[in-house]
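The structure under discussion is supplied below as structure tokens; questions concerning it will follow.
The values are calculated or read from the model by the stated rules, or taken from the named source; none is laboratory data. This is a predicted model, so every value here is computed, not measured. Positions of Cβ are generated from backbone atoms using ideal geometry, with glycine treated the same way; all protein chains shown enter the neighbour counts. Quick note on the areas: whole protein, heavy atoms, side chains included, nothing else; ligands and nucleic acids left out. Shrake-Rupley method; radii C 1.70, N 1.55, O 1.52, S 1.80 Å.
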Amino acid sequence: MIDQNIIVLRHQLHAMPELSNFEAGTAAIIRKFIAQFHPTKIIDGIGGAGLAAVYEFPRKGKSIVIRCELDALPIMESNQFGHKSTIDGVSHKCGHDGHMAIVASLANWLHHSEIESGKVVLLFQPAEETGEGAERIVNDEIFKALQPDYVFALHNIPKEPLHKIILIESGFSAEVISFVLILKGKESHASEPEHGINPSLCISELVREINTLNVPDPNSLDFAVLTPVHIQVGQKAYGIAPGHGELHYTIRCWNPEKMQSLKSTISKLINEKCELHGLQFELEWLEYFPASQNDKECNGIIKKAAEENGLDIIQRDYPFKFGEDFGWFSKSYKTAMFGLGAGMQTPALHNPDYDFPDALIETGFAMFTSIIKQILESPSNTF
């Protein structure tokens, strides 16, 4: 049974959410909690507000990172329970409070563990929701010095049966990037649009042609979803034909090769349309989430951990369509992320009434302890 203090911690984190790149208070709560379980060292300020609690055992061996996320979302919570968010317009709607509670629950177990060799790093990462935190961490010399052999993580998945373990052979999540296109024309009187340069027609043509790039079949290697998320042209002034416009998109596919092809096609299309309509433009690509790749060995370790704990496995055929910056770890280390079914009736991620199910903490704890023991208690672990 999970200590009730872990539930209290999860509720405390839920009530005090912080946005990406502003997670100092959350990191301080985690630091205070973990310090009572005497890690070998605590590293502050890793990749921003990140925190790493390191447990080193007597003999050299493999190094395992168990990663979770610190940040919340700019969403107003609609729940009315006792631990609801106290921060206006900010709430934990992706379950990062639950992920943190699971990883923090490992500290007491590691402190009392009889493991003899190796190292475990409990990593609390900032800025996952903006795709920045993991990139900063993998490029941080302090993190590189930890020399991880494996990096594991989980994500709760609403609308899947509670406690089911979701495995994906290829990878956990999509390759995602967004862009902002600023169009600069010339305003004119609405009665004389021929004396101005109105971006409206260009935007409509771009939306229509970008739409043809969609390949909605997730079983296809060419899968691509291109979603317009914001369009703005002119102002509510009926005597003025606009001279300024914005077009914002988010793009997702399964691999970096496809993403590069989409970026090239879109850039060429924008150049052609803006030249045709006499518009100047600025194009910015942002919030890049590399596809999270699952290493075959790591997936095997997760599968065995699920079997050891009597947990049913759902084998998913293709990644989740959402972005997860865990993919930055995949570029440099053996990694795997698995899904943890959060219940069929649990509201979807990013819904205003979502709340992480406390019952999942024990399941996540059981999975990670089994993963750690498989690696560090193996006869091949001692160097």
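Anything in the range 350-377 that is among the small types (G, A, S) and in contact with a strand residue (DSSP E or B) (Cβ under 8 Å, 6 or more places away or on another chain)? List them, or say none.
Hit for the range 350-377 is G364, nothing else.
Can you work out which of the residues in the range 326-345 that are touching a residue at least 60 places away in the same chain (Cβ under 8 Å) and assigned to a loop (DSSP other than H, G, I, E, B) is most open to solvent (accessible area, probe 1.4 Å)?
K331
Moving on. Scan the strands (runs of 3 or more DSSP E) fully inside the range 93-179 and keep the ones with 2 or more residues being under 27 Å from P256 (Cβ atoms) and not hydrophobic (A, V, I, L, M, F, W, C).
150-157
Here is a further query. Return the pairs, sorted by first residue and then second, in which the second residue is part of a helix (DSSP H, G or I) and at pLDDT below 95, the first residue lies in the range 210-223 and is on the phi > 0 side of the Ramachandran plot and of a type in the set (K, R), the beta carbons are less than 8 Å apart, and the residues are 6+ apart or on different chains.
That search, which allows pairs on different chains as well, returns nothing.
While we're on this one: Hey, among Y288, Y354, which residue is open to solvent by less than 40 Å² (accessible area, probe 1.4 Å) and within 19 Å of the chain's Cα centre (by Cα)?
Y354
What's the number of the condition I87 fails, among (1) of a type in the set (A, V, I, L, M); (2) in a strand (DSSP E or B); (3) open to solvent by 10 Å² or more (accessible area, probe 1.4 Å)?
Result: I87 fails condition (2) only.
Could you list, ordered by first residue, the pairs with Cβ atoms under 9 Å in which the first is in the range 104-125 and of a type in the set (D, E) and the second is in a loop (DSSP other than H, G, I, E, B) and open to solvent by less than 10 Å² (accessible area, probe 1.4 Å), at least 6 apart or interchain?
Final answer for the pair search is E116/N381.
Yes or no, residue by residue, for (1) open to solvent by less than 10 Å² (accessible area, probe 1.4 Å); (2) touching a residue at least 24 places away in the same chain (Cβ under 8 Å):
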{"residue": "P58", "(1), (2)": "no, yes"}
{"residue": "D97", "(1), (2)": "yes, yes"}
{"residue": "A127", "(1), (2)": "yes, yes"}
{"residue": "E141", "(1), (2)": "no, no"}
{"residue": "A145", "(1), (2)": "no, no"}
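Looking at (1) under 22 Å from the mean Cα position of the chain (by Cα); (2) more than 30 Å from K186 (Cβ to Cβ), find the lone condition where D222 falls short.
Among (1) under 22 Å from the mean Cα position of the chain (by Cα); (2) more than 30 Å from K186 (Cβ to Cβ), D222 violates only (1).
Take the residues in the range 200-242 that are part of a helix (DSSP H, G or I) and β-branched (V, I, T); name whichever of them is most open to solvent (accessible area, probe 1.4 Å).
Step by step, filter the range 200-242, then rank; the result is V207.
Here is a yes/no grid of residues against (1) of a type in the set (A, V, I, L, M); (2) modelled with pLDDT of 95 or more; (3) open to solvent by 40 Å² or more (accessible area, probe 1.4 Å); (4) assigned to a loop (DSSP other than H, G, I, E, B):
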{"residue": "F37", "(1), (2), (3), (4)": "no, yes, no, yes"}
{"residue": "D44", "(1), (2), (3), (4)": "no, yes, yes, no"}
{"residue": "C68", "(1), (2), (3), (4)": "no, yes, no, no"}
{"residue": "I75", "(1), (2), (3), (4)": "yes, yes, no, yes"}
{"residue": "H83", "(1), (2), (3), (4)": "no, yes, no, yes"}
